[in-house]
Structures are given as C-alpha cells and as structure tokens.
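S.K.: Input: one structure, supplied below.
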Amino acid sequence: MSNNENEKEEEKKVDIKTLVSVIPPASALKGSKAPPKEKRVKIRKRNDVDKGFAIISSKLAKDLGITNDVEISVKGKRIKLKAILQEEILELEVWANPQDLVTLGIEDNSTVTVRASK
C-alpha cells in the first residue's frame, strides 16, 4: 500500500507542474499596458508666455502624444492652447499665460489635467 501512495503523490506533483506551466508570468501581462491619455500636473502662470500658448515638457508631450495643441481642464472647464515643447521644463509642470487661466478660474500652482487636444 505504501508503494501505491507514493505513486499517487508523484502523480499529483506532476499534475500541479503541468497546470502551473499554463499560467503566464506577470511580466508578460505588464507589457500590454497602453500609455496614459492624460496626466495631472501643476500649472504655473508666466507673463513671458504669449496668450493662447502653453509651454510643456517635451518628455511629457511625447508620453501623452501631444504634437500641436494641448487641452487643459479643471472642474469640467476646458481650454485649448498651442503647445510649445521645451526640454528644460519640469515634467510635472505646464506654463501658461495668466489671462488664459483666468477663464478657467485657475490660480498659480494649481493642479490641472493635461491631454492632447483633438
């Protein structure tokens, strides 16, 4: 009887290994994640930025797919601005003209949502 019990244990171990081999590793699942479409950043009022324009980090623009226009939104209100890409801007900041931000009621250093404009 003891010989028969050993054979059953070996069969169980083999069955578990074959079952586990079907499950994909976690790294295989991680690779299919889509890039973000929008990001929450701080907006800074800058008088040296022309009205209708926003200066944005080129890395952030690349991550969000921004090429020409950027859309800034807060509390359901939106504004569309022309994007100027620059390397020296922090990735978590966007610079805009104070007159543009008055229409949204945004103060300096407020958190807003940035996305590529359609």
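The values are calculated or read from the model by the stated rules, or taken from the named source; none is laboratory data. Values in this document were obtained by computation on a predicted structure and should not be read as measured data. Virtual Cβ from ideal backbone geometry, glycine too; neighbours counted across all protein chains shown. The area values use the complete protein model at the heavy-atom level, side chains included, leaving out ligands, DNA and RNA. Shrake-Rupley method; radii C 1.70, N 1.55, O 1.52, S 1.80 Å.
S.K.: For segment 33-63, how many residues are of a type in the set (Lys, Arg), surrounded by 13 or more Cβ atoms within 10 Å (Cβ to Cβ) and within 19 Å of Asn109 (Cβ to Cβ)?
M.R.: Residues flagged as of a type in the set (Lys, Arg), surrounded by 13 or more Cβ atoms within 10 Å (Cβ to Cβ) and within 19 Å of Asn109 (Cβ to Cβ) within segment 33-63 amount to 5.
S.K.: Which of the helices (runs of 4 or more DSSP H) found entirely inside segment 1-114 contain at least 3 residues meeting this: at pLDDT below 75?
M.R.: Correct list: 2-20, 26-30.
S.K.: Let me ask something else about it. For residues that are farther than 18 Å from Lys37 by Cβ and within 18 Å of the chain's Cα centre (by Cα), scanning just segment 86-113, find the one that is least open to solvent (accessible area, probe 1.4 Å). Lay out the reasoning, then the answer.
M.R.: As a first pass, look at segment 86-113 and keep what is farther than 18 Å from Lys37 by Cβ: 86-90, 93, 95-110.
Of the ones still in play, those that are also within 18 Å of the chain's Cα centre (by Cα) are 89-90, 93.
Numbers: Ile89: 9, Leu90: 112, Glu93: 33 Å².
Out of the qualifying residues, it is Ile89.
S.K.: Return the pairs, sorted by first residue and then second, in which the second residue is among the aliphatic types (A, V, I, L, M) and open to solvent by 50 Å² or more (accessible area, probe 1.4 Å), the first residue lies in segment 60-74 and is more than 23 Å from Val102 (Cβ to Cβ), the beta carbons are less than 7 Å apart, and the residues are 6+ apart or on different chains.
M.R.: From residues that are more than 23 Å from Val102 (Cβ to Cβ), the pairs are Ala61/Leu85.
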